[in-house]
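The values are calculated or read from the model by the stated rules, or taken from the named source; none is laboratory data. Computed from a prediction, not measured in an experiment: that's the story for all the values here. Quick reminder, even Gly has a Cβ in these numbers, built from the backbone with ideal geometry, and neighbours come from all protein chains shown. Quick note on the areas: whole protein, heavy atoms, side chains included, nothing else; ligands and nucleic acids left out. Shrake-Rupley method; radii C 1.70, N 1.55, O 1.52, S 1.80 Å.
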Number of protein chains: 2
Amino acid sequence: MYALGRHTLLELKQCDREVLEDIGEIREILLGAAERAKAKVVGESFHQFSPQGVSGVVIIAESHLSIHTWPEWNYAAVDIFTCGDSANTEEAIEFMTRSLSCQNLSVLEISRGIVGSHDAQG
Amino acid sequence: MYALGRHTLLELKQCDREVLEDIGEIREILLGAAERAKAKVVGESFHQFSPQGVSGVVIIAESHLSIHTWPEWNYAAVDIFTCGDSANTEEAIEFMTRSLSCQNLSVLEISRGIVGSHDAQG
């Protein structure tokens with residue numbers, strides 16, 4: 001048995017509200033996190049919501065990073081989905097926590113795509 | 001206490017390999033799933049990997065849908081992250097399962113951003 005992907009879910013509470021509201025900063029932070037994770041960026045999409053909140057996704061060669069912010073709750077939901085062994089998820093987590101001035105972090109890690117020889121079919 | 005987001009993780013095994021390899025079909029399926037969920041698409045990014053595999057993300061007004069495919073394992077990892085009560089996640093799951101000819105589906109649902117009055121700060 002083997003897990004194809006490693007999916008890390010971050011709950012970032014008590015963050016800096018002004019950063020959470022700023023699509024430019026959020027984009028820089030998510031791309032910076034991808035860089036810290038030593039991930040190769042191959043696509044991106046960001047969106048500013050009205051009256052507030054930002055969503056962003058970066059597709060990486062190793063899967064994706066995503067962020068959704070709720071400035072009114074000082075909260076951001078971040079996902080780091082990687083495959084292979086090369087990504088440095090811990091560096092990315094530390095960078096995001098610091099960049100958002102997060103005072104309350106929870107991390108949940110889930111194995112995705114646990115496969116065995118019975119799963120490979122023609 | 002209140003959950004800002006609902007994050008549904010789908011493990012789709014024993015899928016149709018040819019569909020998993022085709023970025024055009026995968027894009028249609030993810031956008032179709034967003035439509036079935038009654039979600040409003042505001043951004044998208046898709047990438048074809050070599051020698052095989054597709055990654056795609058659709059940003060919706062209600063958060064995001066993502067897919068990563070491993071054709072060699074007949075497997076796809078799909079996330080449906082929504083907020084608010086309007087999204088019809090079940091319709092999206094049924095559509096994706098059918099479109100990928102998935103014979104083995106697992107669903108994990110996670111509440112994101114469980115907040116209370118103590119989380120809202122200036």
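Relative to the dominant Cα principal axis of chain A, helix A:89-99 is inclined by about 10°.
Computed over region B:2-106, the percent of Cα pairs more than 19 Å apart is 36. Summing charges over all other residues whose Cβ lies under 13 Å from the Cβ of residue A:49, with Lys and Arg as +1 and Asp and Glu as -1, gives -3.
On the basis of the beta-carbon distance and an R0 of 25 Å, residue B:108 and residue B:85 show a calculated FRET efficiency of 0.80. Per-residue ellipticity at 222 nm computed for the protein assembly as shown from its helices equals -7000 deg cm²/dmol, with DSSP H segments shorter than 4 residues left out and the rest contributing -39,500 (n - 2.57).
Excluding ligands, DNA and RNA, the accessible surface per residue across chain A is 42 Å² with a 1.4 Å probe. At the listed q of 0.09, 0.10, 0.11, 0.14 Å⁻¹, the Debye profile of the protein assembly as shown, built from one uniform point per Cα, gives log10 I(q)/I(0) equal to -0.34, -0.43, -0.52, -0.85. With label points defined 7 Å past Cα in the direction of Cβ, position residue B:40 shows copy-to-copy spacings of 3.7 nm, given to one decimal and shortest first. Inverting the pair-averaged 1/r between distinct Cα atoms of region B:77-122 gives 13.3 Å as its Kirkwood hydrodynamic radius. The other copies place their residue A:1 label points at 2.9 nm from this one, listed shortest first, where each point is 7 Å from Cα along Cα→Cβ. If you take all other residues with their beta carbon under 14 Å from the beta carbon of residue B:39, and give Lys and Arg +1 and Asp and Glu -1, the sum is -3. Entry note, chain A: relative contact order of 42 percent, from Cα contacts under 8 Å with a spacing of 6+ residues. Charged neighbours of residue B:103, selected by a Cβ distance under 14 Å, balance to 0 (K, R count +1; D, E count -1). The angle between the Cα long axis of helix B:23-36 and the main principal axis of chain B comes to about 40°, on a 0 to 90 degree scale. Residue B:86 label point (Cα plus 7 Å toward Cβ) to equivalent points in the other copies: 4.1 nm, shortest first. Our note on the geometry: Cα centres of region B:65-122 and region A:16-65, 19 Å apart.
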